[in-house]
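Engineer: This is the structure, below, for whatever I ask next.
The values are calculated or read from the model by the stated rules, or taken from the named source; none is laboratory data. All figures in this text were calculated on a predicted structure; none of them were measured in a lab. Neighbour counts run over all protein chains shown; Cβ positions are idealised from the backbone, glycine included. Each accessible area value is taken on the protein alone, full model and side chains, heavy atoms only, with ligands, DNA and RNA left out. Shrake-Rupley method; radii C 1.70, N 1.55, O 1.52, S 1.80 Å.
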Number of protein chains: 2
Amino acid sequence: MKNYKRKDTICALATGSGIGAIAIVRISGNQAINICNKVFSKNLEDVKSHTIHFGTIKNDKELIDEVLLSVFKNPYSFTGEDVIEISCHGSVFIQQQILQLLTKNGSRMANPGEFTLRAFTNRKMDLSQAEAVADLIASESKKAHQIAINQMRGGFSDDLKKLREQLINFASLIELELDFSEEDVEFANREQFNELLLLIKEKLTKLIDSFQLGNVIKNGIPVAILGAPNVGKSTLLNTLVNEDRAIVSEIAGTTRDTIEDVINIEGMQFRFIDTAGLRDTSNKIEIIGIQKALEKAEKAKVIIYLLDATADFKAQEKEIKKIKKLQNKMIVVVNKTDLNPNICKTLKKKNYLFISAKNKDGIEDLTKTLISIIDTNLSSDETIISNSRHQEELSKTLVEIIAVIEGLNNDISGDLLAINIRQALYHLGLITGEVTTDDLLGNIFSKFCIGK
Amino acid sequence: MKNYKRKDTICALATGSGIGAIAIVRISGNQAINICNKVFSKNLEDVKSHTIHFGTIKNDKELIDEVLLSVFKNPYSFTGEDVIEISCHGSVFIQQQILQLLTKNGSRMANPGEFTLRAFTNRKMDLSQAEAVADLIASESKKAHQIAINQMRGGFSDDLKKLREQLINFASLIELELDFSEEDVEFANREQFNELLLLIKEKLTKLIDSFQLGNVIKNGIPVAILGAPNVGKSTLLNTLVNEDRAIVSEIAGTTRDTIEDVINIEGMQFRFIDTAGLRDTSNKIEIIGIQKALEKAEKAKVIIYLLDATADFKAQEKEIKKIKKLQNKMIVVVNKTDLNPNICKTLKKKNYLFISAKNKDGIEDLTKTLISIIDTNLSSDETIISNSRHQEELSKTLVEIIAVIEGLNNDISGDLLAINIRQALYHLGLITGEVTTDDLLGNIFSKFCIGK
């Protein structure tokens, strides 16, 4: 955290890099107003917070731009410091000139995440909210956005803070007992304490469990496409991609490679994984391919198992049974119905979907089924965590809480309980930032983009 | 101009596309405040202009983002209409959601340049100023920026407007004479009129002449590197590029191809053109290459003629004489001084520069010479036009003005003078927008980026 000197006045481009109609350069710190007064045509000393001022920015006599300055006065700003946002014409040249001018006049370029770090240190938001700001900016789908914005607005921090306060209460009573240990008193009601611990345990478990879902939502829900060779897996992948190309194209940064494709369906990101065809073979390389396909299937959240409408059905269904343990997350889909339309009638009793990937028939039913599978996992009010740091600290907290519960049941002595409780408090505090270390902050904020 | 319906309320992303810490969505029109009231957590009806308001944007109950809204009330805004700028978190997803929400609630997506078009139609700026906004955003070098911002701030429009008003005065007097033509009166003082016309002619000629320079500044000053084969032309190009890579890298969008390289030196953009080596040859393909090299040299603003310090000098200097007509824009540079250090002494009486492109010796002297050549063409206060449309209309005006002057000298009748004067007024008016056609506006503003 050496480079995050907190008394400097910092500046950075806040809008995306590149050319736009306008761009915003942001400056924060106790010298923000002084520095702007040196280069702006109007004195900002006595203007009200949350007002906008038109004027020119000059480097000595040289006109850089006509700009609008938005003034936010301490503490009523994002960082809690004096903040000025300079809205200039969006040429890269002007952006650079203004930043150079601001640094020449006493501010320095902000480090990644430094504005948000200041918002955190000035208690404008807690640590998990600050982290959600980065997630929010990076979110590419509706669900990921929902999770991030809930977290930024408080999310589970309030709950955690309450639990932590209650835990602190009990902890201090237990520690008090230690001071009077020779008198064998109990200030902390063991029964109430046990209740609290069970509540915390339940809450923690729920949050930790939600991570798996939160994580897949953030990174795209993995859907493996399995099936025998030549059953149309790649055709299906292409069809899915084309079907939704219109939606995808609205959202930049969708990554693609040869065997995976991320597709945004109704605000959820799915990561479709094409796999090697499954069949009995003695070819060593093919065996490795099949092994990998099954590994992908195990890690996937959903499996689309493709059958061929024109091939022997009994043999194909026998194959499905071989991977019985994956059946609870499997959608069985019959492809090539265009070549064998009667199959829908023949198999109508089975809970299969029928498609022709080639003719794009039945694809909408398939995507609807996918959505509904994920939606049933997502009750709307449930808090979902998507940050692996939070998941890790929550898990560490849970370990300590379980130790305390067991200790209580086994009538373990207060001083031993106190150790576990302190550890639990420590890990909980790390999530919302009641406990911080410079390393932790450096690690979190260095991942931010500059200007945030 | 069909799609530029002027009563609609329009919206667009105003900042560069892609992810940033924040992004700005702009909305302009008489429904701007109403539309924002439907989706924003605070009523903006009675807030003052130039104030900023924190709150949330919701789609029904679904939270889209926490935002800052900047309110500019008619006529105190860029467009002259009610304008609201929504500063949201910079995710592409949020940008899209907010734009969709605004269009759902009664605004439509703005066409390219439509905000600036409205600023023009509401008389916030004239047409040449509006065009300068686009140039300003696109400017990549200090000089191009200077020309654009001078133009945006009024530039030559004020001068042109004054000349045009005086011309209109005389024109109306001449037209008045036509009404009294049977009485043979002269309301317009011919001598004064002639003076005015000569003044206009001088002004127009100066502006038209400035275009060549303005245009090269806008597009990069072409510098052809000529010389015999193997004299080190490509090495020089590479050295120039590397020398200035640090400066270039600050400025995005610099285009490169195999034979040309744009380099920003002290705020000026130079476009260096590597050419085929010049020599006597009977190879048909080589002859075509040499022909092209000479064509490039003719079009270039400056020629760097490279000599080889290790080769026969008399023969080389003989080659220079073959292109004598280009000598007034030629810098003769002796390369490979590392292999023949004595050459500097031997030739010190000649006005040559001495470099070693390989060792990067003497390159700074070379770039300084380039800068000084351009600087002598640029007296600081002179108005420079860089817009080809302006150049064209100015040239057409000049033709008419010359016709009027000749007519006056030949005592031509008032009704014939009036025709030329009207044409001159028409073309002058097209520059600043006193005269416009929908086609003209469509053509100008469709070249803008969306959001401006």
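Condition check ((1) away from chain A (no Cβ under 11 Å); (2) of a type in the set (Ser, Thr, Tyr); (3) in contact with a strand residue (DSSP E or B) (Cβ under 9 Å, 6 or more places away or on another chain)) across all residues:
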residue	(1), (2), (3)
B:Phe78	no, no, yes
B:Thr103	yes, yes, yes
B:Ser107	yes, yes, yes
B:Asp126	yes, no, no
B:Ala130	yes, no, no
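Engineer: Could you give me the residue pairs with C-beta distances under 7 Å whose first residue belongs to region A:75-86 and is within 11 Å of A:Thr9 (Cα to Cα), whose second residue is of a type in the set (Gly, Ala, Ser) and in a loop (DSSP other than H, G, I, E, B) wherever it lies, and which are 6+ apart or on separate chains?
Structural biologist: Short answer, once both residue conditions are applied: A:Glu81/A:Gly29; A:Asp82/A:Gly29; A:Val83/A:Ser77.
Engineer: Scan A:Lys358, A:Lys318, A:Lys349 and give me the residue that is closer than 20 Å to A:Leu278 by Cβ, open to solvent by 50 Å² or more (accessible area, probe 1.4 Å) and not small (Gly, Ala, Ser).
Structural biologist: On the way: A:Lys358 fails: closer than 20 Å to A:Leu278 by Cβ; A:Lys349 fails: closer than 20 Å to A:Leu278 by Cβ.
After ruling out the rest, the residue left standing is A:Lys318.
Engineer: Mind telling me which of the residues B:Leu199, B:Leu204, B:Leu178, B:Leu173 ends up being assigned to a helix (DSSP H, G or I), surrounded by 20 or more Cβ atoms within 10 Å (Cβ to Cβ) and more than 14 Å from chain A (Cβ to nearest Cβ)? Give the steps one after another, and end with the answer.
Structural biologist: Numbers: B:Leu199 fails: surrounded by 20 or more Cβ atoms within 10 Å (Cβ to Cβ); B:Leu178 fails: surrounded by 20 or more Cβ atoms within 10 Å (Cβ to Cβ); B:Leu173 fails: surrounded by 20 or more Cβ atoms within 10 Å (Cβ to Cβ).
Of the residues listed, the single one that is assigned to a helix (DSSP H, G or I), surrounded by 20 or more Cβ atoms within 10 Å (Cβ to Cβ) and more than 14 Å from chain A (Cβ to nearest Cβ) is B:Leu204.
Engineer: A further question follows. Please work out which one of (1) within 7 Å of another protein chain (Cβ to nearest Cβ); (2) free of Cβ contacts under 8 Å to residues at least 24 places away in the same chain is the condition B:Lys61 fails and give its number.
Structural biologist: (1)
Engineer: Hey, which of the strands (runs of 3 or more DSSP E) in region A:251-362, taking only ones fully inside, have at least 2 residues that are farther than 22 Å from A:Pro229 by Cβ and within 14 Å of chain B (Cβ to nearest Cβ)? I'd like the intermediate steps shown before the answer.
Structural biologist: On the way: elements: A:260-265, A:268-274, A:302-308, A:330-335.
Result: A:260-265, A:268-274.
Engineer: Tell me the residue from A:Ile405, A:Ile421, A:Ile412, A:Ile401 that is open to solvent by less than 80 Å² (accessible area, probe 1.4 Å), in the same structural domain as A:Leu207 (by TED's automatic domain parsing) and at pLDDT below 90, please.
Structural biologist: On the way: A:Ile405 fails: at pLDDT below 90; A:Ile421 fails: at pLDDT below 90; A:Ile401 fails: at pLDDT below 90.
Sole residue among the options that is open to solvent by less than 80 Å² (accessible area, probe 1.4 Å), in the same structural domain as A:Leu207 (by TED's automatic domain parsing) and at pLDDT below 90: A:Ile412.
Engineer: Right, next: Among the residues of region A:438-452, which ones are away from chain B (no Cβ under 14 Å) and closer than 14 Å to A:Arg389 by Cα? Quick ask: steps written out before the conclusion?
Structural biologist: The initial filter retains those residues of region A:438-452 that are away from chain B (no Cβ under 14 Å), namely A:438-444, A:446.
Listed by number, the residues that qualify are A:Asp439, A:Leu440, A:Leu441, A:Gly442, A:Asn443, A:Ile444.
Engineer: A follow-up question, please. Would you mind finding the one in B:Ser87, B:Ser70 that is at pLDDT 95 or above and within 30 Å of the chain's Cα centre (by Cα)? Can you show your working first?
Structural biologist: Numbers: B:Ser70 fails: within 30 Å of the chain's Cα centre (by Cα).
Result of the check over B:Ser87, B:Ser70: B:Ser87.
Engineer: Of the numbered conditions (1) loosely packed, with under 13 Cβ neighbours inside 10 Å; (2) part of a helix (DSSP H, G or I), B:Glu186 satisfies every one except a single condition; which is it?
Structural biologist: Of everything listed in (1) loosely packed, with under 13 Cβ neighbours inside 10 Å; (2) part of a helix (DSSP H, G or I), B:Glu186 misses just condition (2).
Engineer: Same structure again: Check region B:333-353 and report whether any residue there is within 26 Å of B:Ile217 (Cα to Cα) and of a type in the set (Asp, Glu).
Structural biologist: The answer is no, given that none of the residues of region B:333-353 is within 26 Å of B:Ile217 (Cα to Cα) and of a type in the set (Asp, Glu).
Engineer: Limited to region A:46-58, what total is found for residues that are under 25 Å from A:Met109 (Cβ atoms) and out of contact with any strand residue (DSSP E or B) (no Cβ under 7 Å at 6 or more places or on another chain)?
Structural biologist: The total comes to 0.
Engineer: Can you pull out the residues in region A:112-124 that are within 11 Å of chain B (Cβ to nearest Cβ) and outside any helix (DSSP H, G or I)?
Structural biologist: Result: A:Pro112, A:Gly113.
Engineer: So, one more: Out of all the residues in region A:302-313, which are at pLDDT 85 or above and either open to solvent by 50 Å² or more (accessible area, probe 1.4 Å) or closer than 20 Å to A:Cys344 by Cβ (or both)? Walk me through how you get there before you give the answer.
Structural biologist: Filtering region A:302-313 down to residues at pLDDT 85 or above leaves A:302-312.
Of everything in region A:302-313, those that are at pLDDT 85 or above and either open to solvent by 50 Å² or more (accessible area, probe 1.4 Å) or closer than 20 Å to A:Cys344 by Cβ (or both) turn out to be A:Ile304, A:Tyr305, A:Leu306, A:Leu307, A:Asp308, A:Ala309, A:Thr310, A:Ala311, A:Asp312.
Engineer: While we're here: Is there a residue being among the charged types (D, E, K, R) and open to solvent by 60 Å² or more (accessible area, probe 1.4 Å) anywhere in region A:443-451?
Structural biologist: First, pick out the residues of region A:443-451 that are among the charged types (D, E, K, R): A:447.
Checking the rest, the ones that are also open to solvent by 60 Å² or more (accessible area, probe 1.4 Å) come to A:447.
Among the residues of region A:443-451, at least one is among the charged types (D, E, K, R) and open to solvent by 60 Å² or more (accessible area, probe 1.4 Å), which makes the answer yes.
Engineer: Still on this structure: Could you tell me whether region A:334-349 includes any residue that is under 26 Å from A:Lys143 (Cβ atoms) and out of contact with any Asp or Glu (no Cβ under 6 Å at 6 or more places or on another chain)? Outline the logic, then answer.
Structural biologist: Looking only at region A:334-349, we keep the residues that are under 26 Å from A:Lys143 (Cβ atoms), and these are none.
The answer is no, given that none of the residues of region A:334-349 is under 26 Å from A:Lys143 (Cβ atoms) and out of contact with any Asp or Glu (no Cβ under 6 Å at 6 or more places or on another chain).
Engineer: Yes or no: region A:64-72 includes at least one residue that is more than 20 Å from A:Lys124 (Cα to Cα) and either open to solvent by 30 Å² or more (accessible area, probe 1.4 Å) or hydroxyl-bearing (Ser, Thr, Tyr) (or both). If you could, list the steps in order and put the result at the bottom.
Structural biologist: Let us first name the residues in region A:64-72 that are more than 20 Å from A:Lys124 (Cα to Cα), namely A:64-69.
If we keep only those that are either open to solvent by 30 Å² or more (accessible area, probe 1.4 Å) or hydroxyl-bearing (Ser, Thr, Tyr) (or both) too, we end up with A:66, A:68.
There is at least one residue in region A:64-72 that is more than 20 Å from A:Lys124 (Cα to Cα) and either open to solvent by 30 Å² or more (accessible area, probe 1.4 Å) or hydroxyl-bearing (Ser, Thr, Tyr) (or both).
Engineer: Taking the condition in contact (Cβ under 8 Å) with a residue 40 or more places away in the chain, open to solvent by 10 Å² or more (accessible area, probe 1.4 Å) and of a type outside the set (A, V, I, L, M, F, W, C), does B:Arg164 pass? Walk me through it before giving the result.
Structural biologist: Numbers: in contact (Cβ under 8 Å) with a residue 40 or more places away in the chain: yes; open to solvent by 10 Å² or more (accessible area, probe 1.4 Å): yes; of a type outside the set (A, V, I, L, M, F, W, C): yes.
It is true that B:Arg164 is in contact (Cβ under 8 Å) with a residue 40 or more places away in the chain, open to solvent by 10 Å² or more (accessible area, probe 1.4 Å) and of a type outside the set (A, V, I, L, M, F, W, C).
Engineer: Would you point out the residue of region A:365-396, among those that are small (Gly, Ala, Ser) and assigned to a helix (DSSP H, G or I), that is modelled with the lowest pLDDT?
Structural biologist: The qualifying residue modelled with the lowest pLDDT is A:Ser372.
Engineer: Among the residues of region A:369-384, is any open to solvent by 30 Å² or more (accessible area, probe 1.4 Å), closer than 17 Å to A:Leu307 by Cβ and in contact with a Lys or Arg (Cβ under 9 Å, 6 or more places away or on another chain)?
Structural biologist: The answer is no, given that none of the residues of region A:369-384 is open to solvent by 30 Å² or more (accessible area, probe 1.4 Å), closer than 17 Å to A:Leu307 by Cβ and in contact with a Lys or Arg (Cβ under 9 Å, 6 or more places away or on another chain).
Engineer: Here's a check for you: in region B:134-150, which residue that is free of Cβ contacts under 8 Å to residues at least 40 places away in the same chain and over 12 Å from A:Val92 (Cα atoms) is nearest to the other protein chains (Cβ to nearest Cβ)?
Structural biologist: Residue satisfying both the conditions and the ranking: B:Ile149.
Engineer: Return only the number of the condition from (1) open to solvent by 10 Å² or more (accessible area, probe 1.4 Å); (2) more than 10 Å from chain A (Cβ to nearest Cβ); (3) over 20 Å from A:Ile22 (Cα atoms) that B:Cys36 does not satisfy.
Structural biologist: Against the list (1) open to solvent by 10 Å² or more (accessible area, probe 1.4 Å); (2) more than 10 Å from chain A (Cβ to nearest Cβ); (3) over 20 Å from A:Ile22 (Cα atoms), B:Cys36 comes up short only on (1).
Engineer: How many residues, within region A:9-28, are away from chain B (no Cβ under 11 Å) and more than 29 Å from the chain's Cα centre (by Cα)?
Structural biologist: 1
Engineer: Report, by residue number, each residue of region A:142-154 that is surrounded by fewer than 22 Cβ atoms within 10 Å (Cβ to Cβ) and modelled with pLDDT under 85. Quick ask: steps written out before the conclusion?
Structural biologist: Here is the first cut: in region A:142-154, the ones surrounded by fewer than 22 Cβ atoms within 10 Å (Cβ to Cβ) are A:142, A:146, A:150, A:153-154.
Within region A:142-154, A:Lys142, A:Gly154 qualify.
Engineer: Hey, does region B:158-170 have a residue that's at pLDDT below 90, in a helix (DSSP H, G or I) and over 23 Å from B:Glu393 (Cα atoms)?
Structural biologist: Taking every residue of region B:158-170 in turn, none turns out to be at pLDDT below 90, in a helix (DSSP H, G or I) and over 23 Å from B:Glu393 (Cα atoms).
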